Structure formats: C-alpha cells, structure tokens
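For reference, the structure discussed in these notes is given below.
The values are calculated or read from the model by the stated rules, or taken from the named source; none is laboratory data. Keep in mind that this is a model prediction, so the values were computed, not measured. Note that we place each Cβ from the backbone using ideal geometry, even for glycine, and neighbour counts take in every protein chain shown.
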Amino acid sequence: MTKIKTLRARRPRKTGRRHPLASVALIAVGLLFTGGAYVAFSTSTAVATTDASSQQTIAQGEKLFAANCATCHGLNAQGSSEGPSLIGVGAASVDFQVGTGRMPLQMQGPQAQKKPVQFTAEQTAALAAYVASLAPGPAIPSGEVLDAAGDAASGAELFRINCAMCHNVAGAGGALTEGKFAPAIENVSAQHIYEAMITGPQNMPVFNDMNISPEDKRDIITYLKYVENNPSPGGLALGSLGPVAEGLFIWIFGLGAIVALTVWITAKSN
Amino acid sequence: MTTLTTRDTADDQSVGAKKSGGFTASAANYIDERTSISGAVKELGRKIFPDHWSFLLGEVALYSFVIILLSGSFLTFFYQASMAEVVYEGSYAPLKGIPMSVAMSSTMDISFDIRGGLLMRQVHHWAALLFVAAIGLHMLRIYFTGAFRKPRELNWVIGFILFILAMAEGFTGYSLPDDLLSGNGLRIIDGLIKGIPVVGTWVSFLLFGGEFPGTDIVGRLYSLHILLLPAIIVALIAMHLLFIVVHKHTQYPAAGHTNENVVGYPVLPVYAAKAGGFFFIVFGVVMLIASLFTINPIWNYGPYDPSPVSAGTQPDWYIGFADGAMRLIPTGWEFVWLNHTYSLNILVVLVVVGLFIVTVMVYPFIEAWITGDKREHHVLDRPRNAPTRTAIGAAGVTFYASLWAAASSDIMATHFHLTMEGVIHTLQVTTLLGPFLAFFITKRVCLALQKKDREIVLHGYESGRIVRLPGGEFVEVHQPVDEYERWKLVSYSDFKPLMLRPNAQGKIGAAEKVRAGLSRWFFEDRITPVTQTELSRAHGDHPAEITEK
C-alpha cells in the first residue's frame, strides 16, 4: 500500500496515459453491460415461463401442486375434508392466495393469515397456470385496471359503500365474527387487490364484473393507492383506527404528560 | 414559602403599595378610587392554596375549556351549520365532485383550504378529549380523598353536572361535521330514543324534525353546541369556583394541617404566577399534540350516507361506556306485547347507565346519611383510611372500565388476535363480577395498609440491628417514626357502626334499620387510629432509646 502511494506520488501526472478514474469507469461500463444483458435475458425467460398456455409450465405447476398443495386440495385439485376444490377458481385466486403467502396454509384457523411468500414468482405462475388449465375461472388481471390512475373520488365512494364495513374507511382492517377479520389493505399490490375483489378469498364476498365494473375496481384501487401514498394531512394517523386510538392516546400520552407536568410544577424547589 | 392562615379571619396585612411609586402607583390609585378594588385584591390575593399536583387537575380541565373556547370561536368563523346539499369542489381529491351537506363541505374547507384551519380543528378536538379526561381524573381525586364531604356536597353535584354537560358538548360537536362516523353515532342515538316505549318515536321525530336524518339536526345541535351548553357550563364553572373560594381549599393530612387552617401559598404572587404559567403549559401540550397527530380525519370518513357503516366505528372516548354497554347486552333481549316490540337490549342499557350516573351524582348524600357525619371536613382522607368508600370507588371504576373497554371490543379482537365473541363474553363477566372482586380486594388492601401504618407508628421501622440486652435477651432495634410522619399516620377520624336507637315515639323505623345495616357494612371492619395512650405504652417497652444511649 505505502509503496504504491509513494510511486504514484513520484511519477508526474502528465506522463500517465490514462485518467486515474478510467479503470473505475471501465468497470462501471462493464457492469452495466453485463447487468443489462442479464436483465434482458432474465425478463425474456420470465415472460417465456409465465406463458400460461405453455404445456411445460402447466406440467411444472402440476408437479409443484402435487408436492405442496395436494395433501389438502387432493391430487387432482378436487378437494378433500381438509381443503376446498380448486377446479374453476381460476389463476387469479391462486396468484392471490400463493402470492400473498396465505397458501400453503401454515395451520388450520379461523382464516388463512398473510405470511412471507413461499414460492418464487415463476413457481406461483406455474401453479396458477396449472389450476387455470383445470377449468375456466378468473384470470390474473393486467394492464390499465391496475394503473391506479382512475377517479379517486368515485373509488372512495364505492369503497365506503362496498368495502368499509369490514375493511374500515381508511382500509385499516376490522373484526369479523369468531376470530375472523378483514385485513388491512395498506401496502397490498394493485394486482392482489383486484384479485381479491374478483375471487373473494377467505370470508370476503366476490365482487364480479356485473357487481362492480372493471372501471370501478380501477377507481377503488386508485383511492386505496391515494390513501397509501398520501400521508394524513393532520399528522401521524395513529393507525387510522378512529376514536379508540385517539382516546387511548389522550389518556396515556396527553393526560400522562399533563400529570407529569403538574408534578413538576408543584415539586418543592431545592 | 409556606404560609399558614387561620380560616375565617381576615388577614390584616396591607397590600404593599408604595406612596411614591410613579405611574404604577398612581394608576392603581386611579382604579381603586373608582372601583374600590383593593378590598377584593386584598381578600383574594391573600387566599391560600395548598400545593399538590392532584389539586391542579381541575385547573387542567378549566384550561382545556379555555382552549376549546378560543379554538371553537375560530371554527365558528368558517363553519356553516346547514344540511343543504352541495357538490364538494375543494382541494381534497378523493372527495371532489361528491355531493355532501354544506356542514361537511365547510368542515372540509376548514381542514384543507383555510390557513390554520386544520390545526384549529385538531386543537379543538384534542382539547375536548383532554377536557373530559381531566374532569374524570379530577373527579376520581375528589372521590378517593373524600373531598366531597360536608360542606362540599353541592359542589360535587355541580362538578358532576359539568361532567355530563362536557359529554353533551362533546357529542354535539362530534356530530357537527356531518361525516359518516358522526352520522352513524347519531343513528345510534336515534335508535336509543326510538327504543323507549310509547314516547320514543315522537321524541325522535321532534328532535330530527321528521324521519332520521332529515335536514334539521345539524343546525339544532349547533345551537346547543355553541350557545346553550357553553352558557350553562360557564355559569356552572363560575359557581364551582365560587364555592372553592367560599369553602377554601382542602388539604392532605400532614403535620400542622387541621380543619381550622389552610397551609399553602397565597394567590399573589407565587400561586397566580404558577397557575398562569400552567395555562400556557397545558396550551402548549395541546398544541403539540394537535400539530403532530391526526384526530377525526373526516376526509377518510366522507359525507354521511345512511347506508355505509365503517368497521371500527366508535364514539369519542367519553361516550364509549354507553356504546360498550350496548355491545355487552346478549342478543335477542326483546319481546312483543300488544303488537309492540319492547327492546330490552336498549331499555336495560338506559336504566343501568342512568342509575349508575345518578348514584355517582348523589353519592355524597348517601355516604353522609350512612355515616351520620355532620361535621365539616377540610382535611382529606387518605384513601386507605376510608376502606369501604375506596372499595366502592374501585368497584365503580371496574364497572365503568368494563363498559368502556367493550366499546373497543372489535379493535381488541383484531389487534390481539382474539375472537370478538370471546372478548364480549369476557367483558360481560368482568362487568358483572369484576366490581365485587374489586370491592373485596381493595377493602382488604386498605385494611392491610392501615395495619401497616399502625405498626409503624407504634413500633417504628425495622432497622435490622439485633442487640443483646444485659439480661441476655435479644431485641431488634426499631427506628421510631418522626413526628411529622406520625401526624400523617394517626390523624384520621374513627367511625363506629351506628347504634340502633328508638326515636322520640320509642319506635325503630325501617329506614333506621336499613341505615344501621349499611353503617355496619361500612364500618364493621376497621382499624382504629393509634391513640396517645397506646403510643406512650408502646414507647414504654421500647428498647430502642435505652440501647442507643
């Protein structure tokens, strides 16, 4: 180290044929090309594998299904006493349940809980392709309906009328009977929100296209993304839980601070 | 410094005004010659207030009320109490183009388009929550120290009415934005009223000007909220404070504190400065909370529409106990008689909550009747020295807290991963049995603490030092308690159960029997304060002094 430094210090700058940063730039260019090529390659393969109609994908999905899902859903997805039939539930249902980590189920309970995702995107797509190949059902949504660029005001109104009684007006979630609950919808992808509406996972009802049109679903997603991306104008939202959180806050922190101050103000000076 | 004054004797020390004091003196003289105010200043300025943190809780309530008045006046400049329908065209995108009432639209404008409006709304609402919470804590302090005893029973009633009025103010204010949450709250009130047999429907139609929700209610609530209720509250606060001046402040038992004096600071200058400064501290805390934390985000709730109800719909905390009581009633409590449905699920709540409120309000009179105590009390009780009263208070707190907790049953279910039914059933049990359990535990704890106090007075603290006497006996040296501490430990009044005595006609009435029974229940288990005789006897066989020397 010291040797190199002294050598460089001795040699006059003008005799150098390359700029000192040239090697860094060279490495950067090299990385960019390799990375770019890799990304291009991998996306092209991803597109190839998610091609739902491909027989190869379906076969891969069938293998995954037999290994991970068949215990409860049956070898031919016909269902068993432990789990419902998956014939006709569609690719959207698989993408939601597996893509949010709800399936494979960790344990039987009031309802499947969200947890870290067990499969890669590719594997999830293969499973979805297999289940979709069994019978027609809701497909995985894509395109404009997921762009969250619809009418937030109309979406908010639809959300209040159709969704808020379980999910809370701000999407903070709410309780149902017997330990079931409607989960919070913050940080859920537009695709999963859409899929939940068309497939009705767990205790949620199905909102089909006759019920809420794709355009209306897009508006609802627009509203939810608006709430997610725009923090509350009033300050910290206290979980958007309403008066209970506010009451708890004023008793513990508000009145707590005030009582601490009363003790301070009446303390005897030293 | 600590000042001691004698009750009911005017302090003849003159207020120090210099003769040749320049402008201040001549201005004071000018005012005094025209108003004779020096008499009042002399009287009030030398008023003594004892210093204890719990004596400031009422002040917190008063200051919150002042903050509410200030921020509320700002809000009235912009709020319009009308239920006429308009289309919202303000700044908040997710409500643009949505039809709503003028009340909601003007509240949205206050929140988004008027400078400082949202801050003032949040100051108003947070201060309102603090107002009722401070009243609640103040009431608990008064109750558990026995400050409601003669001569302060009427002031307790005034204070309690203020508490009810504060809740009414809160509820009427909560309903003014005409948003979804408050509309749902009004719908519950409407249901409660309609559940009253015979008159319910008539009263509801009278209140709402026809079928719910109608177009009148917001305007009516506004009149109550900014005119009638505040006027009554201000008048009652004035009476409440006047009574404090008339009665003089209570004080905790301590050396030199008696029923005939007040030990503390005079109002001028120290106490006034402290109290005045404290107003700004409370204002600062409310401002800080309001600027950092959202309250009542009406933009999320949207305008009122009778069809949607949001998950997690609750009233503000002070109405929570009533909401919780409704949630705890088992399903199906109603019957049909003569072609009319009688909703016990509503009537039972109205009766139980109503009885609870009335009982708390008249408690001072009940206790006075049971104890037969007609003396004035200016020295407070330490809660342990009134075991039955403290136990009744603990039972009441448990009952209220169970109802209160029930109002958040859904939030508890989701956040602690419980079933809603489990939460409700548990709270049903704690509502019914919890008060009894709390009563017995509290009473035993109080008696145990009294025993401990007695032990300390008689024998001092255990020092852990074992000494062998010349005769060969081993004794532990006890550290005697100092005189100041002893004063606190022994100075409380001892009660015995009332004796049943025949009246002038030589008869014993039923009321007297009830009273004697209650008195026995109150005072049967008691630890008497240490007497002078006991004390000197205890010191006689005390080896501490001998061995120390």
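For region B:250-292, how many residues are loosely packed, with under 15 Cβ neighbours inside 10 Å and under 30 Å from residue B:118 (Cα atoms)?
Count: 7.
From A:190, A:182, which residue is touching a residue at least 12 places away in the same chain (Cβ under 8 Å), more than 7 Å from every other protein chain (Cβ to nearest Cβ) and in contact with a Leu (Cβ under 9 Å, 6 or more places away or on another chain)?
Selected residue: A:190, the only one of A:190, A:182 that is touching a residue at least 12 places away in the same chain (Cβ under 8 Å), more than 7 Å from every other protein chain (Cβ to nearest Cβ) and in contact with a Leu (Cβ under 9 Å, 6 or more places away or on another chain).
Residue by residue through region A:135-165, note down the ones that are within 12 Å of chain B (Cβ to nearest Cβ), surrounded by fewer than 21 Cβ atoms within 10 Å (Cβ to Cβ), part of a helix (DSSP H, G or I) and not aliphatic (A, V, I, L, M).
Once the filter is applied, which keeps residues that are within 12 Å of chain B (Cβ to nearest Cβ), surrounded by fewer than 21 Cβ atoms within 10 Å (Cβ to Cβ), part of a helix (DSSP H, G or I) and not aliphatic (A, V, I, L, M), region A:135-165 yields A:154, A:162.
Taking the stated definitions as given, is residue A:172 outside any helix (DSSP H, G or I) and crowded, with 18+ Cβ neighbours inside 10 Å?
Spelling it out, residue A:172 is indeed outside any helix (DSSP H, G or I) and crowded, with 18+ Cβ neighbours inside 10 Å.
Is at least one residue of region B:222-237 farther than 25 Å from residue B:138 by Cβ, in the same structural domain as residue B:304 (by TED's automatic domain parsing) and in contact with a Leu (Cβ under 7 Å, 6 or more places away or on another chain)?
Yes - at least one qualifying residue is present in region B:222-237.
Does residue B:283 satisfy the condition of being more than 21 Å from residue B:44 (Cα to Cα) and within 14 Å of chain A (Cβ to nearest Cβ)?
So residue B:283 fits the description; yes.
Any chance you could count how many residues in region A:181-218 are over 25 Å from residue B:411 (Cβ atoms), of a type in the set (A, V, I, L, M) and part of a loop (DSSP other than H, G, I, E, B)?
3
If we keep just the residues of region B:1-41 that are exposed (fewer than 10 other Cβ atoms within 10 Å of the Cβ) and of a type in the set (A, V, I, L, M, F, W, C), which is modelled with the lowest pLDDT?
Restricting to residues being exposed (fewer than 10 other Cβ atoms within 10 Å of the Cβ) and of a type in the set (A, V, I, L, M, F, W, C), the top hit is B:1.
Among the residues of region A:86-116, what is the count of those that are part of a loop (DSSP other than H, G, I, E, B) and surrounded by 15 or more Cβ atoms within 10 Å (Cβ to Cβ)?
Number satisfying all stated conditions: 13.
Could you list, in sequence order, all residues of region A:222-240 that are more than 7 Å from chain B (Cβ to nearest Cβ) and without any contact (Cβ under 8 Å) to a residue 40 or more places away in the chain?
A:229, A:230, A:231
When region B:147-158 is examined, which residues are found to be farther than 22 Å from residue B:395 by Cβ and not in a helix (DSSP H, G or I)?
B:150, B:151, B:152
Give the residues of region A:241-270 that are at the interface with chain B (Cβ under 7 Å from one of its Cβ atoms) and small (Gly, Ala, Ser), sorted by residue number.
Those that are at the interface with chain B (Cβ under 7 Å from one of its Cβ atoms) and small (Gly, Ala, Ser): A:242, A:247, A:254, A:257.
For residues in region B:102-144 being touching a helix residue (DSSP H, G or I) at 6+ places or on another chain (Cβ under 7 Å) and polar (S, T, N, Q), which is nearest to residue B:175 (Cα to Cα)?
The extreme case among them is B:107.
Just a yes or no: is a residue in region B:409-427 within 25 Å of the chain's Cα centre (by Cα) and part of a helix (DSSP H, G or I)?
Yes; the residues of region B:409-427 include at least one that is within 25 Å of the chain's Cα centre (by Cα) and part of a helix (DSSP H, G or I).
Looking at region B:290-310, which of its residues are at the interface with chain A (Cβ under 7 Å from one of its Cβ atoms) and either within 14 Å of residue A:239 (Cα to Cα) or acidic (Asp, Glu) (or both)?
Hits for region B:290-310 are B:292, B:293, B:294, B:295, B:297, B:300.
State yes or no: is residue B:114 touching a Phe, Trp or Tyr at 6+ places or on another chain (Cβ under 9 Å) and surrounded by fewer than 22 Cβ atoms within 10 Å (Cβ to Cβ)?
yes
Quick test for you: out of B:390, B:371, pick the one residue that is in the same structural domain as residue B:154 (by TED's automatic domain parsing) and under 17 Å from residue B:147 (Cβ atoms).
B:371
Taking the options B:297, B:330, name whichever one is under 30 Å from residue A:224 (Cα atoms) and modelled with pLDDT of 90 or more.
B:297
Given the options B:456, B:466, name the one that is loosely packed, with under 12 Cβ neighbours inside 10 Å and not in a loop (DSSP other than H, G, I, E, B).
The conditions single out B:466.
What is the residue count in region B:195-249 for residues that are within 26 Å of the chain's Cα centre (by Cα) and over 19 Å from residue B:170 (Cβ atoms)?
Final tally of qualifying residues: 11.
Collect the residues in region B:510-526 that are farther than 17 Å from residue B:439 by Cβ and surrounded by fewer than 17 Cβ atoms within 10 Å (Cβ to Cβ), keeping them in residue-number order.
Answer for region B:510-526, where residues must be farther than 17 Å from residue B:439 by Cβ and surrounded by fewer than 17 Cβ atoms within 10 Å (Cβ to Cβ): B:510, B:511, B:512, B:513, B:514.
Inside region B:378-408, can you point out the residues that are within 14 Å of chain A (Cβ to nearest Cβ), under 30 Å from residue A:176 (Cβ atoms) and in a helix (DSSP H, G or I)?
B:400, B:401, B:403, B:404, B:405, B:406
Test residue A:78 against the criterion of being outside the structural domain of residue A:205 (by TED's automatic domain parsing), more than 22 Å from the chain's Cα centre (by Cα) and outside any helix (DSSP H, G or I), and give yes or no.
Yes; evaluated as a whole, the condition is true for this residue.
Being outside any loop (DSSP other than H, G, I, E, B) and either out of contact with any Leu (no Cβ under 7 Å at 6 or more places or on another chain) or not charged (D, E, K, R) (or both) is the filter here, so list the residues in region B:497-512 that pass it.
Answer for region B:497-512, where residues must be outside any loop (DSSP other than H, G, I, E, B) and either out of contact with any Leu (no Cβ under 7 Å at 6 or more places or on another chain) or not charged (D, E, K, R) (or both): B:510, B:511.
List the helices (runs of 4 or more DSSP H) inside region B:34-146, counting only whole elements, that have at least 2 residues being at the interface with chain A (Cβ under 8 Å from one of its Cβ atoms).
Result: B:57-76, B:102-112, B:117-144.
With B:198, B:246 as the choices, which residue is in the same structural domain as residue B:118 (by TED's automatic domain parsing), surrounded by fewer than 14 Cβ atoms within 10 Å (Cβ to Cβ) and in a helix (DSSP H, G or I)?
B:246
Can you name every one of the strands (runs of 3 or more DSSP E) wholly within region B:258-358 that holds 2 or more residues which are farther than 19 Å from residue B:193 by Cβ?
In region B:258-358, B:261-266, B:334-337 are the strands (runs of 3 or more DSSP E) which contain 2 or more residues that are farther than 19 Å from residue B:193 by Cβ.
I'd like to verify a number: residues in region B:409-431 that are at the interface with another protein chain (Cβ under 7 Å from one of its Cβ atoms) and buried (at least 20 other Cβ atoms within 10 Å of the Cβ), how many?
The total comes to 5.
Which one of A:207, A:181, A:159 is closer than 30 Å to residue B:93 by Cα, touching a Phe, Trp or Tyr at 6+ places or on another chain (Cβ under 9 Å) and among the aromatic types (Phe, Trp, Tyr)?
Unique residue meeting the criteria: A:159.
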